[in-house]
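> Sending over a structure as structure tokens; questions will come in a sec.
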Amino acid sequence: MRRADGLGQLIRKQRKMLGLTQSELAERTGVSKSAIAKWETDAGLPDRNNLSRLSAALETPVSELYKVMEGSAEEPEEVNITSGVIATLEAYGYTVIRPGKDK
């Protein structure tokens, strides 16, 4: 899922506002430059520890980062799976939530 107002855009915007390169932000957060690039393109999300370090490096409250992440989770991608896959998941104890049906 990619959204224009997602976490990646916030990271990129704040990094540039601070005048940092991806490499400099990576050094400040203790991760690789490729991790920063992945986060900025919404190809991945930082874990809790990295999110905390990212918050400090970007001078942005961690609560703001979480709020953006939660907002991006409100519009999930539509996934079509077969009834056979659903049956298998349910057989292994997973709960499958079907759109338009009560939980």
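> Take the conditions surrounded by 14 or more Cβ atoms within 10 Å (Cβ to Cβ) and small (G, A, S) and apply them to S32. Does it pass?
Against the criterion (surrounded by 14 or more Cβ atoms within 10 Å (Cβ to Cβ) and small (G, A, S)), S32 does not qualify.
> Is it the case that region 6-14 has a residue that's outside any helix (DSSP H, G or I) and either modelled with pLDDT under 95 or hydrophobic (A, V, I, L, M, F, W, C) (or both)?
Taking every residue of region 6-14 in turn, at least one turns out to be outside any helix (DSSP H, G or I) and either modelled with pLDDT under 95 or hydrophobic (A, V, I, L, M, F, W, C) (or both).
> Being at pLDDT below 95 and at negative phi narrows it down to one residue among T41, T21; which is it?
Result of the check over T41, T21: T41.
> Right, another one. Which residues, counting only those in region 20-53, are within 14 Å of Q9 (Cα to Cα), outside any loop (DSSP other than H, G, I, E, B) and not basic (K, R)?
Answer for region 20-53, where residues must be within 14 Å of Q9 (Cα to Cα), outside any loop (DSSP other than H, G, I, E, B) and not basic (K, R): Q22, I36, A37, W39, E40.
> Between a first residue in region 21-40 that is farther than 19 Å from L65 by Cβ and a second residue that is among the basic types (K, R), which pairs have beta carbons less than 6 Å apart while being 6 or more apart in sequence or on different chains?
Note: pairs meeting the criteria are S23/K33.
> Among the residues of region 59-81, what is the count of those that are at pLDDT 80 or above and part of a loop (DSSP other than H, G, I, E, B)?
So the answer is 3.
The values are calculated or read from the model by the stated rules, or taken from the named source; none is laboratory data. Not measured: the values here are computed from a predicted model. FYI the Cβ positions are ideal-geometry reconstructions off the backbone, even for glycines, and counts take in every protein chain you see.
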